[in-house]
Amino acid sequence: MRQSTVPTKVNNVPVFLPFRGLRYRPVAAGLTDLSAVAAPPYDVIHDDERDVLERRDPHNAVRLILPRPHADHDEYAAAAGLLDAWRAGGVLATDDEPAFYGYRMQFTDADGRRRVTHGVVGALGLPPDGPGTGDILPHERTIPRHRTDRLSLLRATRANLDPIWGLSGAPGLAAIVGDPDADDEADERTAVDDDGVQHAAWPITDPARVDAIRDAVGSGPLVLADGHHRFETACAYRSERPADDRGAGAIMALVVELAEDELWVAPIHRLVPDAVPRTRLEHAFTITDLGSNTPDDVAALEHAMDEHGGLGLIDRDGLALLVPRADVVEPLLAVEPPEARGADAAVFEVAVMPRLDEAPLEYRSDAQAVAGVVRRGDAAAAFLLRPVSVAEIRAASYAGVRMPQKTTYFAPKPRTGLVFRALDE
């Protein structure tokens with residue numbers, strides 16, 4: 001008998017269950033691995049990268065998560081049509097039995113250390129009373145227009161196309177997931193991304209391991225690391241669906257142990273299209289010039305930010321360190337909960353944003369790449385922020401506090417395309 005993938009909330013703890021994954025069939029797609037069809041999550045793909053991914057393979061997952069209008073269909077109907085066509089053509093097929101999917105990322109971090117992140121993908125039950133309730137804990141605020149876009153895509157495709165990312169405090173979860181064993185290796189799917197990160201996913205169907213994973217994830221609160229918009233979208237979609245829509249009661253989630261050695265948190269920097277006169281910032285910051293916009297000086301700016309506790313500025317005049325003036329910025333931070341006040345994103349929101357005349361922002365995590373954008377003239381300025389720590393994220397989440405939007409960037413990002421979840425399976 002197949003195990004149910006329909007969550008039932010018990011004692012207000014996270015419900016995490018196996019599901020029948022919808023996956024690429026490499027032979028049918030003409031692939032030896034999934035590198036050509038896998039993509040980053042939708043919200044970190046920029047227009048130039050989107051074009052590259054589309055050209056890489058006609059079945060690249062970017063065509064589903066960032067679809068373009070086609071003929072008489074809008075982009076969301078186009079994505080649904082592609083999904084149906086790929087299934088009909090055998091490029092995608094549903095696994096025969098429910099499974100958890102082990103997920104492993106092997107990479108070298110910015111400090112040159114070789115690291116491994118172990119996780120598991122499953123169907124995470126949505127809290128009955130919506131976001132911010134129960135034991136699924138968000139830690140960031142969201143952007144309304146992003147929620148609207150994801151809801152339209154979910155309505156059209158009836159599928160979770162990329163997993164949200166949750167953090168479990170259950171000790172030993174990484175060891176339970178482990179690496180593929182002899183039985184799993186025959187069905188392991190792999191991909192290497194453009195940064196050299198090695199991704200692997202494989203089904204876990206052994207009853208003892210399935211029970212151990214389910215019990216570990218359900219043993220305590222789950223912190224949302226990434227995917228707040230998709231999580232809120234799934235809750236909104238569930239609320240508009242009839243009670244017997246069983247698939248809408250869960251969302252596909254990658255769960256990783258909340259442990260320093262399993263996680264790497266990168267910063268999220270802000271690009272601004274229009275010039276920001278430094279005189280606008282002098283009231284709130286002590287500004288120190290730190291050279292020109294060269295790779296070496298950008299690295300020196302990042303070091304100065306860590307040493308002095310400030311933001312970085314890259315503009316047409318070069319580089320500058322922005323150290324908050326305590327007498328000005330601390331009163332502004334009083335609008336934030338205590339657990340969020342130490343985040344550079346909070347300082348940026350209260351002390352910089354009001355001086356940007358509602359300019360649209362672009363978010364990127366690589367300081368050198370951001371500096372290159374300003375150097376080429378594709379943006380007028382950029383503000384560099386320091387990352388928050390795993391401990392700060394844990395403290396904010398367990399206190400029920402949401403940090404400002406785009407505070408955290410967990411890296412590397414799992415690839416979209418190693419497994420999908422169809423709501424009707």
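Every number here is computed from the coordinates shown, using simple stated rules; none is lab data. Since the model is a prediction, treat every value here as computed from it, not as a measurement. Cβ placement follows ideal geometry from the backbone for every residue including glycine, while neighbour counts extend to all protein chains displayed.
Would you tally the net charge around L173, using a Cβ to Cβ cut-off of less than 9 Å, leaving L173 out, and scoring K and R as +1, D and E as -1? Walk me through the intermediate numbers first.
On the way: positive: none; negative: E257, E262.
For residues surrounding L173, the net value is -2.
Near the amide H of G166, within less than 5 Å, lie the amide hydrogens of A225, L254, V255, V256, all on another chain or at least 5 residues away, with H placed in the peptide plane.
What's the Kirkwood radius of region 268-386 in Å, using all Cα pairs? Don't skip to the end; give the middle numbers.
Numbers: mean 1/r = 0.0708 Å⁻¹.
Result for region 268-386, one decimal place: 14.1 Å.
Note that region 23-31 has calculated 3J(HN,Hα) couplings of 9, 4, 9, x, 5, 5, 8, x, 10 Hz, one per residue in order, obtained from phi through the Karplus relation 6.51 cos²θ - 1.76 cosθ + 1.60 (θ = phi - 60°); glycine and proline are x.
Springs between Cα atoms under 10 Å define the GNM used for the chain, and in it the highest mean-square fluctuation of A80, A379, A326 occurs at A326.
Report relative contact order for the chain in percent, whole number only (criteria: Cα-Cα under 8 Å, sequence separation at least 6). Could the numbers behind the result be given before it?
Values: 874 pairs, mean separation 100.9, N = 425.
For the chain, the relative contact order is 24 percent.
Couplings 3J(HN,Hα) of region 95-100, computed from phi: 5, 6, 9, x, 8, 7 Hz, in residue order, whole Hz [Karplus 6.51 cos²θ - 1.76 cosθ + 1.60, θ = phi - 60°; x for Gly and Pro].
The HN-Hα couplings worked out from phi for region 150-156 by the Karplus form 6.51 cos²θ - 1.76 cosθ + 1.60 (θ = phi - 60°) are 5, 5, 4, 5, 5, 4, 6 Hz, whole numbers, x standing for Gly and Pro.
Summing Lys, Arg as +1 and Asp, Glu as -1, what charge do residues with Cβ under 12 Å from the Cβ of L385 carry, L385 excluded? Computed value for this residue: 0. Note on region 374-425: Cα-Cα pairs beyond 17 Å make up 63% of the total pair count.
Mean separation of Cα pairs under 8 Å and 6 or more residues apart, divided by the residue count, gives region 175-235 a relative contact order of 26 percent. Pairs of Cα atoms nearer than 8 Å and 6+ residues apart set the relative contact order; for region 199-330 it is 17 percent.
With a cut-off of at most 16 other beta carbons within 10 Å, and DSSP calling the residue loop, which trypsin sites (Lys or Arg not before Pro) in region 20-114 qualify? Please list them.
On the way: sites: R20, R23, R50, R55, R56, R63, R87, R104, R113, R114; in loops: R20, R113.
The qualifying sites are R113.
Provide the three semi-axes, in whole Å and in decreasing order, of the ellipsoid equivalent to the chain as defined by the square roots of 5 times the Cα gyration tensor eigenvalues.
They are 37, 24, 21 Å, listed largest first.
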